[in-house]
Amino acid sequence: MKESYIDDKLKNIAMNSNTDIPESFNERFEDTLSNLENKKSKNISFKRKYLIASVVFIVILTGVLSTPNPVSAYIESVVFSMLKEDKGLKKAEERGFMQNLSERDEDKGIEVKVEKMFLDKENIGIFLELTLDKRYRKDFDKISFGKALFKDNNDNVFYYGNNDALYDKEYHKGNVVSKGMKDNINLDDLKDNGKIKLEYRFGVNLKEIPKEINLDIRNIQLSNKVGAIRRDQKNNSGGKKRININGHWNVTLKVNEEKTKFEEYMFRGESDLIKDIKLSVAPFSSKVSFRVNKETNNEEIRYYEPYKLIDNKGNEYNNIYGSREEGSNIEAKMESSYFEDIEYFDLKVQVGYDKKTHEYIYETIRLNKQ
């Protein structure tokens, strides 16, 4: 690889960072490189690369340290994609509504650690890191919990792995309160370092804030695209569809009640078709509910989806879990705008599908702050 290519790549990293670099620094940087080029030394290539790499590291580190919360600002944006993609969650973390944890349990050469948690009566978020020993560090691209229960101290179950866990009467006790789930799983670092990142957020309906959350996992399944890699095989051919690792990982998380206290903001609106729209905005999500007017309802339209919120500044907030329909009543959870100063929203609702044009039909309704 040519030196000029390395120089360009490293300098591009520095120049494309969000850190403002003084012009005088740039000039000194270029002068130093020129002086190195003029010297006749056998170690010139090493010195040049070392200098550029050091400067790039300093520039990036300076940018990280200049942020209000340097460690979390770097780690969350890189490690937890959910916090990067959902601006509402990111701001909730920055404002201190998220719990930083380190509770863990280990069995069968696998450590399960909970790094972060957030919750209210409508949402529960769990951020996990799994560390696997060398026997599992292979080309897997999927992980799942075959038998598991995530529940609170009031026996409200919001995750139960596969259906076997739900119908195992001795294992499963409680009321299922999950109203939707979104996850993100990253196995990119498994083969080299044995690390897997798992992010879960659940839509729930709790009557009260719990005091504890318990994660009980009895089975972990690993698999890849070409079939299972069994521990007793040296190749990928044949065998089962996955590796089943039976063990017991149990982690109890104490809920910090102070991080669950907040005041919701309310917006309302309606149209001839979409009536009684209520939007309650909280730190982790916004809940929208409405009623379909049967008197003006087109019988050909049978699917109503709160698709997107657009605030008065043009920012867009997406539907998180899809919608729940009970008769003519619809409910959904949207990304949060809690920490923004919003005057009104336009709610974009998917109300049908045009078979001729193959396009969805939308209706937009203005919601004003109450």
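Descriptive notes on the structure:
- The DSSP beta bridges internal to the stretch 130-223 are antiparallel in roughly 90% of cases.
- Extension reserve of the His248-Asp183 stretch, reckoned as 0.36 nm per residue once the Cα distance is removed: 21.2 nm
- Chymotrypsin sites (Phe, Trp or Tyr not before Pro) restricted to DSSP loop in the stretch 128-210 with at most 16 other C-beta within 10 Å: Tyr171
- Debye log10 I(q)/I(0) for the stretch 122-224, one point scatterer per Cα, at q = 0.13, 0.19 Å⁻¹: -0.51, -0.96
- Residues of the stretch 304-370: accessible area per residue with a 1.4 Å probe, Å²: 55
- Long-range amide H partners of Val255 with built H, under 5 Å: Glu212, Ile213
- For the stretch 104-121, 3J(HN,Hα) per residue [Karplus equation, 6.51 cos²θ - 1.76 cosθ + 1.60, θ = phi - 60°, Hz, x = Gly/Pro]: 8, 8, 9, 7, 6, x, 10, 9, 10, 10, 9, 9, 8, 8, 9, 6, 8, 6
- For Tyr304, distant residues with modelled amide H under 5 Å away: none
- A simple rule links phi to the HN-Hα coupling: the Karplus curve 6.51 cos²θ - 1.76 cosθ + 1.60 with θ = phi - 60°, which for the stretch 255-265 gives 8, 7, 4, 4, 7, 10, 9, 6, 9, 7, 10 Hz, with x for Gly and Pro.
- Between the stretch 94-169 and the stretch 351-370, the alpha-carbon centres lie 37 Å apart.
- Within the stretch 279-370, the GluC sites (Glu not before Pro) that combine a DSSP coil assignment with at most 16 other C-beta atoms in a 10 angstrom radius are Glu295, Glu299, Glu300, Glu340, Glu343.
- For the stretch 180-189, 3J(HN,Hα) per residue [Karplus equation, 6.51 cos²θ - 1.76 cosθ + 1.60, θ = phi - 60°, Hz, x = Gly/Pro]: x, 9, 10, 9, 9, 10, 10, 10, 4, 9
- Inter-label distance for Lys134 and Asp276, nm, one decimal - labels placed 7 Å from Cα along Cα-to-Cβ: 6.4
- For the stretch 98-166, accessible area per residue (1.4 Å probe, heavy atoms of protein chains only), Å²: 38
- Neighbour-limited loop hits for trypsin sites (Lys or Arg not before Pro), the stretch 248-300 (at most 14 other Cβ within 10 Å; DSSP other than H, G, I, E, B): Lys261, Lys294
- Exposure check, 1.4 Å probe, all protein chains in place: Thr364 carries approximately 90 Å² of accessible surface.
The values are calculated or read from the model by the stated rules, or taken from the named source; none is laboratory data. On a predicted model such as this, the values are computed, not experimentally measured, just so you know. Using ideal geometry, Cβ is built from the backbone for each residue, glycine included, and neighbour counts are taken over all protein chains shown. The area values use the complete protein model at the heavy-atom level, side chains included, leaving out ligands, DNA and RNA. Shrake-Rupley method; radii C 1.70, N 1.55, O 1.52, S 1.80 Å.
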